[in-house]
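Below is one structure; the comments refer to it alone.
The values are calculated or read from the model by the stated rules, or taken from the named source; none is laboratory data. Nothing here was measured: the structure is a model prediction, and the numbers come from that model. Methodologically, a virtual Cβ is constructed for each residue, glycine included, from the backbone with ideal geometry; neighbour enumeration extends over all protein chains shown. When the accessible area is computed, the model is the full protein with side chains, heavy atoms only, and any ligands, DNA or RNA have been set aside. Shrake-Rupley method; radii C 1.70, N 1.55, O 1.52, S 1.80 Å.
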Amino acid sequence: MKLKIDTKEKFIVLTPEESIISANMTEDIEKIGGYASSEIPHIILNLKMVMEIDEHAAEKISFIQQQFYEKNRSMVICEMQPGVQTVFKNLDLTDVMNITPTESEAW
């Protein structure tokens, strides 16, 4: 999975450049978890380009987000497209995750 990485002073914005995140991209998704030990403790995962996501991939992202908070770091997900948001909602993940409509709100 190709990721656009934009490093700011207090956070890093990761933007997948794929329109579909499938279950076979789990290893790539796990790389996001590696940022939990980076010097900059706050991550924004911007899903604006992702139109579809597999349920397993969505669950993996939720799990990674929880790992960030267990390490006293933050990971905010923003700009979910309707199809992606539906998958997270159907898995009952939207209530336990930190999700914002826009990237500026995630800041």
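Results, tabulated for the structure shown:
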item	result
Qualifying positions in segment 9-58 - under 13 Å from the mean Cα position of the chain (by Cα) and in a helix (DSSP H, G or I)	THR26, ASP28, ILE29, GLU30, LYS31, ILE32, GLY33, GLY34, TYR35, ALA36, ALA57, ALA58
In segment 98-107, residue most open to solvent (accessible area, probe 1.4 Å) [restricted to those that are part of a helix (DSSP H, G or I) and either among the β-branched types (Val, Ile, Thr) or in contact with an Asp or Glu (Cβ under 9 Å, 6 or more places away or on another chain) (or both)]	GLU103
Output for segment 59-97, where each listed residue is in a strand (DSSP E or B) and more than 18 Å from MET1 (Cβ to Cβ)	SER74, VAL76
Restricting segment 4-31 to residues that are of a type in the set (Asp, Glu) and over 17 Å from ILE43 (Cβ atoms), the residue that is modelled with the highest pLDDT	GLU18
Selected residue [of a type in the set (Lys, Arg) and either in contact with a His (Cβ under 9 Å, 6 or more places away or on another chain) or crowded, with 20+ Cβ neighbours inside 10 Å (or both)] from LYS48, LYS2, LYS10, LYS31	LYS10
Pairs with Cβ under 9 Å, 6+ apart, first in segment 34-48 and more than 24 Å from THR102 (Cα to Cα), second among the charged types (D, E, K, R)	SER37/LYS71; SER37/ARG73
